[in-house]
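A short worksheet on the structure shown next.
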Amino acid sequence: MEELPWGRLAGVRPSKQLHRLLDEGLSHAEAYQRMQQTDGISSEKFELLWQVANTARPVVAESSQPDLFSVYVGIPFCPSRCLYCSFPAYSLKELGMWRDQFLDTLLYEIATTGQLARKLQMHPDSFYLGGGTPTSLSPAELDRILSALRLAFPEPVREFTVEAGRPDTLTHEQLAILKKHGVTRVSVNPQSMHNETLQKIGRCHSVAEVYRAVNQVQTAAFPVLNMDLILGLPGENEAMVSKSVQDVLSLSPTNITLHMFSRKRASLFSEEREHFPLPDKTLAATMYRTATGLLSPKYHPYYLYRQREILGDLENIGYCLPGTECIYNIVMIEERQHILGLGCGATSKFIYQDLTLRNLTSPKDVRTYLEKAAELCRRREFELTQTQKALSHSVRSCVFPVF
């Protein structure tokens, strides 16, 4: 029988299990023995988990106070739809007529959630503007959203991320707006540094535009620059992956995220998969080892997650320079801080003191979101209020165990 690196661990967040063992005070050897016996995890994957958990643990401890939350804002527009994408990402041409209504509804949702936070005496920890591609909006539209966030949640936050995932959408004017509102982390995501691959997967930008966008972000002196790559894209081989990673390294980003290609049911790839052959399991593993080997001398892993039908039964993994871990990525994966998800396809997470949680997911379809926004606000108020009521029946202490 084939041995699986992750054993019987089928969930998308394997580090959560290790954190629970660390909460119990288990040592490295004890934790490995428990996970090996219970889940059949390999020593290689356990060592990776150990690195990730110990890097993330201080961030988790600082972020897990019961009165803290992070805000995710989902912008469902993109210049075009990529082959692999299953996120809410309508082309601006496709749903351009709904832009004004979407923005007005999103601003209502932001303002209402800000009122709720003040009512419950809760405080923001980080903001994350994702999608879709937020920078596909006009500078004026982007300014409206960021102004609304700052008005609704006026307290300082430790981190503010905006995805400028499509380099062709980024302009000097937009970067000036991000600077004005205190954005601290910008994500520019090439996915591949090969023009033929970019064209094949529907990215509609060139490698040259990646270099231009990164130069603009670095010239504007944002503290953290993240860049994403996808390993195992149709038609790519190990040499192409190696070149993409080396090209990204030459740009000296602060964070680099490696995604293994994952077959998603709602993607264009699933509709046309016979036209896009993927690497087999052996080649996928070779690509992964090549990429992580190039990163590991300088960067260290700080968060990871897995997906169904991910190539090679592997994982997506975020790397960073020491001290530049993305707070939002960690709290989103480890699920020990409330996340208030606003906009299309966003998920709110309500965390109880025993680390159980409830999810509330907004519709991916823009028109359905417009119809349901008021109901979503009411349900968000109910769920978040319940977590705070539960605390009133116990000592109002840190959700995360003290260690």
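The values are calculated or read from the model by the stated rules, or taken from the named source; none is laboratory data. Please read all numbers here as calculations on a predicted model, not as lab measurements. Because the Cβ atoms are built from the backbone with ideal geometry, glycine has one as well, and the counts that use them run over all protein chains shown.
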Give me a count of the residues in the stretch 209-244 that are without any contact (Cβ under 8 Å) to a residue 24 or more places away in the chain and in a loop (DSSP other than H, G, I, E, B).
1
If G202 meets every condition in (1) surrounded by fewer than 17 Cβ atoms within 10 Å (Cβ to Cβ); (2) in a loop (DSSP other than H, G, I, E, B); (3) modelled with pLDDT of 95 or more apart from one, which number is that one?
(3)
Can you tell which of D100, D104 is exposed (fewer than 15 other Cβ atoms within 10 Å of the Cβ), modelled with pLDDT of 95 or more and assigned by TED's automatic domain parsing to the domain that holds V331?
D104
Check whether at least one residue in the stretch 270-282 is modelled with pLDDT under 95, among the hydrophobic types (A, V, I, L, M, F, W, C), farther than 21 Å from F46 by Cα and in the same structural domain as E109 (by TED's automatic domain parsing), and report yes or no.
yes
What single numbered condition from (1) more than 26 Å from the chain's Cα centre (by Cα); (2) surrounded by 12 or more Cβ atoms within 10 Å (Cβ to Cβ); (3) within 25 Å of G312 (Cβ to Cβ) fails to hold for Q37?
(2)
Can you work out which of the residues in the stretch 320-364 that are surrounded by fewer than 23 Cβ atoms within 10 Å (Cβ to Cβ) and of a type in the set (S, T, Y) is farthest from E62 (Cα to Cα)?
T361
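Looking at G131, is it surrounded by 21 or more Cβ atoms within 10 Å (Cβ to Cβ) and out of contact with any helix residue (DSSP H, G or I) (no Cβ under 8 Å at 6 or more places or on another chain)?
Judged against the criteria, G131 is a match.
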Give me the pairs: first residue in the stretch 346-359 and at positive phi, second residue of a type in the set (A, V, I, L, M, F, W, C), beta-carbon distance under 8 Å, and six or more apart or on different chains, which are they?
L355/V399
Turns out the strands (runs of 3 or more DSSP E) fully within the stretch 304-386 with at least 1 residues that are assigned by TED's automatic domain parsing to the domain that holds V73 and closer than 30 Å to K281 by Cα are 316-320
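Conditions (1) within 25 Å of R158 (Cα to Cα); (2) in contact with a Pro (Cβ under 6 Å, 6 or more places away or on another chain), marked per residue:
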| residue | (1), (2) |
| --- | --- |
| W6 | no, no |
| K16 | yes, no |
| E24 | no, no |
| S42 | no, yes |
Identity of the residue in the stretch 332-388, among the small types (G, A, S) and out of contact with any helix residue (DSSP H, G or I) (no Cβ under 7 Å at 6 or more places or on another chain), that ends up farthest from Q65 (Cα to Cα)
A374
Please identify the pairs in which a residue from the stretch 303-315 that is at positive phi has its Cβ atom under 7 Å from the Cβ atom of a residue that is of a type in the set (S, T, N, Q) and surrounded by fewer than 24 Cβ atoms within 10 Å (Cβ to Cβ), counting only partners at least 6 apart or on another chain.
E309/S262
With the requirement that a residue be over 20 Å from L278 (Cβ atoms) and not small (G, A, S), what does the stretch 306-325 give you?
Y319, C320, L321, P322, T324, E325
